[in-house]
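Peer 1: I am attaching a structure below and will ask some questions about it afterwards.
The values are calculated or read from the model by the stated rules, or taken from the named source; none is laboratory data. Quick caveat: nothing in here was measured; it's all calculated off a predicted structure. Backbone-built Cβ (ideal geometry, glycine too); neighbour counts: all protein chains shown.
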Amino acid sequence: MGRPSGRRRLPERIASRLVTAWIKRHPAPLGAALAITVGAFLLRVVSGVGFANYDTLYALAWGGQLSRGELPAYAVPIAPTPHPLIEALGLVLSPLGPRAVEDVTVALAFLALAACGWVVYALGSRWFGRAAGALAALVLLTRVPILSYGVRAYVDLPYMLLLLSALLVESRRPRAGVPVLALLALAGLLRPEAWAFSALYWAYLMIPNTRSAERSAAPATVRGRGEIVRLTLLAAAGPLIWVLSDLLITGDPLWSLTNTRNTASTLHRIRGIADVPEYVPRRIGEILRPPVLAGAALGGMLSLLWLRRRAVPGAIAGVLAVAVFAAFAALGLPINTRYAFLTAAILCIFFGAGVFGWLRLASGDRRRRWWMAGAALVLAAFLAYAPSQYRSAHHELDNLGGQQRIEGDLLALVDDRSITLRCGPVGVSNHAPVPLLALYLKTSPRNVVSPESGSITSGVYVDPASREVEQGYVLDKRDPHAPASVPAGFAAVKTNRSWLIFRRCR
């Protein structure tokens with residue numbers, strides 16, 4: 001074959017020049033995308049585990065129901081709060097098949113986890129310098145609860161990412177308006193706390209911008225009616241879509257709120273305004289641990305004293321994060337550790353400031369010495385605590401690896417058709433496997449019956465093959481659960497290292 005003609009090579013040369021020009025013009029986005037992608041890959045390799053958790057599996061299974069023209073089965077006992085954005089993801093991905101749906105969701109979760117680290121780095125760099133930003137990102141990604149929830153594809157990580165991204169956009173371009181509200185609207189389809197941030201930011205935008213007017217000696221900026229309408233609709237998009245979704249699916253526009261309260265009560269979760277003073281600080285401490293909390297306190301205090309203009313945006317964001325967390329707990333929602341992730345992320349940035357914020361002071365500034373002395377103590381405590389943090393992370397990831405193996409054994413029985421709906425519904429010994437089986441069997445969660453839902457007289461019954469599986473594969477060991485046993489008349493048909501399968505066909 002001869003060499004390609006110049007005509008054939010021309011499009012390639014044009015494309016190459018366009019790509020090169022775009023890279024030169026947009027190095028930061030490409031660098032961020034590369035860092036996030038590499039970070040996600042490294043997190044997956046280092047953690048050695050990755051799967052979708054109970055809440056996310058339910059949302060994906062409900063999205064699968066929508067793809068089949070069914071209404072999602074929200075009213076299953078111990079079902080989690082709906083998350084409309086993840087249900088939409090399940091709907092869009094459903095043609096790929098259940099395994100691809102979960103694999104893509106987990107891949108996106110690792111990207112979200114890595115992106116949280118990158119945005120924390122970007123915020124820390126902007127406020128207190130690159131060293132502070134890099135340390136803040138490292139601390140965030142090595143906190144055991146954040147890593148644990150991240151590798152299990154909890155919605156709280158993409159939720160935190162959207163809120164931190166909104167904060168980054170606002171930090172770079174004050175009163176940005178639409179892009180910030182768009183990010184908050186997406187976050188508001190994952191967790192309702194974002195509605196409060198949207199409302200507060202909308203109210204802030206409605207205040208005339210007198211500061212810029214003073215600098216330019218021009219009249220204060222007043223937004224036109226059309227712009228106000230657009231901003232208002234965008235700010236209200238999250239709650240409107242969520243409430244409309246609940247209304248169309250259940251007939252009750254407040255289903256998510258009432259069901260979350262009821263489930264929290266059933267599971268004896270800590271909730272209510274009386275528990276806020278004790279448990280909100282405790283939840284933040286569970287994430288960060290004492291050395292990081294001490295460093296964040298030092299960084300917050302000194303940066304507000306000596307770098308006030310840089311520190312104020314983060315301080316305001318941190319206060320609002322705690323206030324919204326406490327307010328939703330007062331409404332009767334549970335005070336879970338993962339709901340404090342946003343506050344923890346901001347405190348990681350102030351920890352970075354505690355260790356490296358002195359670099360933002362002038363080289364001859366005497367205050368540097370005091371700050372450096374405090375930073376040295378904080379850094380020494382952090383390093384001394386690192387082995388304990390490593391052991392905790394290793395133990396947690398080992399436990400999650402065991403859960404993933406148990407789930408893999410369960411799905412192997414779905415793949416070889418030992419678990420099917422041919423003879424009737426599938427019975428399980430507790431509610432933990434319900435959404436996983438519903439997703440992979442492409443059925444309603446109502447067709448996977450836990451002891452809380454009732455019992456079955458025909459079909460397939462899935463029983464743990466060992467005490468280890470029975471105790472290890474549960475949603476929460478503290479959850480109340482009904483006693484379970486193999487139904488009468490069912491015969492053993494299959495077993496593997498984790499599960500026993502019984503069947504009865506009529």
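Peer 1: Please find, within region 441-478, the residue that is surrounded by the fewest Cβ atoms within 10 Å (Cβ to Cβ) out of those that are among the small types (Gly, Ala, Ser) and closer than 21 Å to Arg269 by Cα. Break it down stepwise before answering.
Peer 2: Initial filter on region 441-478 (among the small types (Gly, Ala, Ser)): 444, 450, 453-455, 458-459, 465-466, 472.
Of the ones still in play, those that are also closer than 21 Å to Arg269 by Cα are 450, 453, 472.
Numbers: Ser450: 22, Ser453: 19, Gly472: 17.
By that ranking, first place goes to Gly472.
Peer 1: Related question: So Ile316 fits all but one of (1) within 18 Å of Leu167 (Cβ to Cβ); (2) crowded, with 16+ Cβ neighbours inside 10 Å; (3) modelled with pLDDT of 95 or more; what number is the exception?
Peer 2: Going through (1) within 18 Å of Leu167 (Cβ to Cβ); (2) crowded, with 16+ Cβ neighbours inside 10 Å; (3) modelled with pLDDT of 95 or more one by one, Ile316 breaks only (2).
Peer 1: Can I ask one more? Among the candidates Val434, Val426, which residue alone is surrounded by 23 or more Cβ atoms within 10 Å (Cβ to Cβ), β-branched (Val, Ile, Thr) and in contact (Cβ under 8 Å) with a residue 40 or more places away in the chain?
Peer 2: Details: Val426 fails: in contact (Cβ under 8 Å) with a residue 40 or more places away in the chain.
None of the others qualify; the one that does is Val434.
Peer 1: Quick check on region 82-113: of everything there that is of a type in the set (Gly, Ala, Ser) and buried (at least 24 other Cβ atoms within 10 Å of the Cβ), which residue is nearest to Gly50 (Cα to Cα)? So that I can check it myself, show each step before the final result.
Peer 2: From region 82-113, those of a type in the set (Gly, Ala, Ser) are 88, 90, 94, 97, 100, 107, 109, 112; that's our starting set.
Filter once more, keeping what is buried (at least 24 other Cβ atoms within 10 Å of the Cβ): 90, 109.
On the way: Gly90: 18, Ala109: 9 Å.
That would be Ala109.
Peer 1: Within region 449-463, work out how many residues are under 33 Å from the mean Cα position of the chain (by Cα), under 14 Å from Leu437 (Cβ atoms) and of a type outside the set (Ser, Thr, Tyr).
Peer 2: Count: 3.
Peer 1: Okay, next question. Within region 439-455, identify whether any single residue is farther than 22 Å from Phe51 by Cα and in contact with a strand residue (DSSP E or B) (Cβ under 6 Å, 6 or more places away or on another chain), and answer yes or no. Working first, answer last.
Peer 2: The initial filter retains those residues of region 439-455 that are farther than 22 Å from Phe51 by Cα, namely 446-447, 449, 451-455.
Among the residues that remain, those that are also in contact with a strand residue (DSSP E or B) (Cβ under 6 Å, 6 or more places away or on another chain) are: 449.
Yes, there is a match, as at least one residue in region 439-455 is farther than 22 Å from Phe51 by Cα and in contact with a strand residue (DSSP E or B) (Cβ under 6 Å, 6 or more places away or on another chain).
Peer 1: State which residue pairs qualify: first residue within 19 Å of Tyr54 (Cα to Cα) and buried (at least 16 other Cβ atoms within 10 Å of the Cβ) and inside region 67-78, second residue among the basic types (Lys, Arg) and at pLDDT 95 or above in any location, beta carbons under 7 Å apart, and separation of 6 or more residues or different chains.
Peer 2: Pairs found: Ala73/Arg446; Val76/Arg446.
Peer 1: Here is a follow-up. Count, please, the residues in region 141-166 that happen to be over 17 Å from Pro29 (Cα atoms) and either among the aliphatic types (A, V, I, L, M) or not assigned by TED's automatic domain parsing to the domain that holds Ala199 (or both).
Peer 2: Narrowing region 141-166 to residues over 17 Å from Pro29 (Cα atoms): 141-160, 163.
Restricting the remaining residues to those that are either among the aliphatic types (A, V, I, L, M) or not assigned by TED's automatic domain parsing to the domain that holds Ala199 (or both) gives 141, 144, 146-147, 151, 153, 155, 157, 160, 163.
Total satisfying the criteria: 10.
Peer 1: Here's a follow-up. Confirm whether Gly472 is over 28 Å from Leu96 (Cα atoms) and assigned by TED's automatic domain parsing to the domain that holds Thr495.
Peer 2: yes
Peer 1: Out of (1) assigned to a helix (DSSP H, G or I); (2) within 22 Å of Val319 (Cβ to Cβ), what's the single condition that is false for Pro179?
Peer 2: (2)
Peer 1: Something else now. Which one of these does Ala491 not meet: (1) surrounded by fewer than 15 Cβ atoms within 10 Å (Cβ to Cβ); (2) of a type in the set (A, V, I, L, M); (3) under 23 Å from Gly97 (Cα atoms)?
Peer 2: Ala491 satisfies all of (1) surrounded by fewer than 15 Cβ atoms within 10 Å (Cβ to Cβ); (2) of a type in the set (A, V, I, L, M); (3) under 23 Å from Gly97 (Cα atoms) except (3).
Peer 1: Follow-up. Here are some residues: Pro77, Pro72. Which one is within 18 Å of Pro435 (Cβ to Cβ) and modelled with pLDDT under 95? It would help to see each step written out before you state the result.
Peer 2: Values: Pro72 fails: modelled with pLDDT under 95.
Of the residues listed, the single one that is within 18 Å of Pro435 (Cβ to Cβ) and modelled with pLDDT under 95 is Pro77.
Peer 1: Of the residues Val139, Val169, which single one is within 30 Å of Val229 (Cα to Cα) and more than 15 Å from the chain's Cα centre (by Cα)? Let's see the steps before the verdict.
Peer 2: Values: Val139 fails: within 30 Å of Val229 (Cα to Cα).
Unique residue meeting the criteria: Val169.
Peer 1: Before we move on, is Val280 farther than 30 Å from Leu359 by Cα, aliphatic (A, V, I, L, M), in contact (Cβ under 8 Å) with a residue 40 or more places away in the chain and assigned to a helix (DSSP H, G or I)? Break it down stepwise before answering.
Peer 2: Working: farther than 30 Å from Leu359 by Cα: yes; aliphatic (A, V, I, L, M): yes; in contact (Cβ under 8 Å) with a residue 40 or more places away in the chain: yes; assigned to a helix (DSSP H, G or I): yes.
For Val280, the condition - farther than 30 Å from Leu359 by Cα, aliphatic (A, V, I, L, M), in contact (Cβ under 8 Å) with a residue 40 or more places away in the chain and assigned to a helix (DSSP H, G or I) - is met.
Peer 1: When Val324 is evaluated against the numbered criteria (1) in the same structural domain as Ser256 (by TED's automatic domain parsing); (2) closer than 15 Å to Ala132 by Cβ, which criterion, by number, is the only one it fails?
Peer 2: (2)
Peer 1: Among the residues of region 342-377, write down those that are touching a residue at least 40 places away in the same chain (Cβ under 8 Å) and not in a helix (DSSP H, G or I).
Peer 2: Scanning region 342-377 gives a single hit, Leu361.
Peer 1: Considering region 381-403 alone, what residues qualify as being surrounded by 13 or more Cβ atoms within 10 Å (Cβ to Cβ), under 17 Å from Ser148 (Cα atoms) and either touching a Pro at 6+ places or on another chain (Cβ under 8 Å) or of a type in the set (Gly, Ala, Ser) (or both)?
Peer 2: Within region 381-403, Ser392, Ala393, Gly401, Gly402 meet the criteria.
Peer 1: Show the residue pairs meeting these rules: Cβ distance below 6 Å; 6+ apart or different chains; first residue within region 493-506 and among the aromatic types (Phe, Trp, Tyr); second residue part of a loop (DSSP other than H, G, I, E, B).
Peer 2: Matching pairs, first to second residue: Trp499/Ala465; Phe502/Val486; Phe502/Phe490.
Peer 1: Let me ask another. Please state which one of Ser455, Ser450, Ser429, Ser363 is of a type in the set (S, T, N, Q) and touching a helix residue (DSSP H, G or I) at 6+ places or on another chain (Cβ under 6 Å). Working first, answer last.
Peer 2: Numbers: Ser455 fails: touching a helix residue (DSSP H, G or I) at 6+ places or on another chain (Cβ under 6 Å); Ser429 fails: touching a helix residue (DSSP H, G or I) at 6+ places or on another chain (Cβ under 6 Å); Ser363 fails: touching a helix residue (DSSP H, G or I) at 6+ places or on another chain (Cβ under 6 Å).
Residue meeting the stated conditions: Ser450.
Peer 1: Of all residues being closer than 11 Å to Gly357 by Cα and hydrophobic (A, V, I, L, M, F, W, C) in region 305-324, which is nearest to the chain's Cα centre (by Cα)? Just the residue, please. Break it down into steps so the answer makes sense when it comes.
Peer 2: Here is the first cut: in region 305-324, the residues closer than 11 Å to Gly357 by Cα are 306-307, 310-311.
Narrowing further to those that are hydrophobic (A, V, I, L, M, F, W, C): 306-307, 311.
Details: Trp306: 34, Leu307: 31, Ala311: 26 Å.
Once the filter is applied, the top-ranked residue is Ala311.
Peer 1: Counting only residues that are within 12 Å of Leu302 (Cβ to Cβ) and of a type in the set (Lys, Arg), which one in region 348-368 is surrounded by the most Cβ atoms within 10 Å (Cβ to Cβ)?
Peer 2: Arg360
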